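Below: the structure, in structure tokens.
The values are calculated or read from the model by the stated rules, or taken from the named source; none is laboratory data. Since we're looking at a predicted model, the values are computed, not measured. Cβ coordinates were reconstructed from backbone atoms using ideal geometry, including for glycine residues, and neighbour counts include every protein chain displayed. For accessibility, only protein heavy atoms count, side chains too; no ligands or nucleic acids. Shrake-Rupley method; radii C 1.70, N 1.55, O 1.52, S 1.80 Å.
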Amino acid sequence: MDCLFCRIVKGEIPSNKVFENEHVVAFHDINPVAPVHVLVIPKKHIASVMDIQEADKPLIGEIHLAVQEVAKLTGVADNGFRVVTNIGKHGQQTVFHLHYHVVGGRQLEWHF
Ligand code: AMP
Ligand code: ZN
């Protein structure tokens, strides 16, 4: 399977990593929308939230703990930030490997 983020996990495509452990990788988004814009992804290929299986429950917890680490490492933990995962066409998902955008470093707004 030719998946961009699987290739980043394998190191075949370079990324600017913020955090990594056995289960998860976090790296700076190539096209940031805010001063802090990091993607947190599972090393396992899962296409989107809709493809998470029962057995993936611990992995989803790992992702949330990694989000905390990323927030601390990038300095947004105190002022707050946003976590977003886009799903499918209406969600404007463009990379079909589960990822959580961690966005912050400025005051965010909320309109669609
Ligand atoms: P989404 O549109 O929610 O699927 O998010 C995909 C994100 O991946 C976008 O914000 C892109 O800017 C980002 N992206 C695409 N290619 C790369 C890459 N090679 N390294 C880092 N981020 C990337
Ligand atoms: Zn993948």
Rounded accessible area per residue of the stretch 4-104, 1.4 Å, Å²: 57 Å²
Phe96 accessible area, assembled protein chains, probe 1.4 Å, Å²: 110 Å²
Most mobile of Lys44, Lys72, Lys17 in a GNM of the chain (Cα contacts under 10 Å): Lys72
Overall form of the stretch 4-104 per C-alpha gyration tensor (a/c, 1.5; a/b vs b/c): rounded
Listed residues His37, His90, His101, most fluctuating in the chain (Gaussian network, C-alpha, under 10 Å): His90
Dipole moment magnitude, nearest 20 debye, the stretch 4-104 about Cα centre, only Lys, Arg, Asp, Glu C-beta charged: 200 debye
Accessible carbon and sulfur surface of the chain relative to its total accessible area, %, 1.4 Å: 53 percent
Label-point separation, Met1 to Glu54 (7 Å along Cα→Cβ), nm: 2.1 nm
Dipole of the chain, positive direction: furthest Cα of Pro35, His64, Val95, with charges on the beta-carbon: Pro35
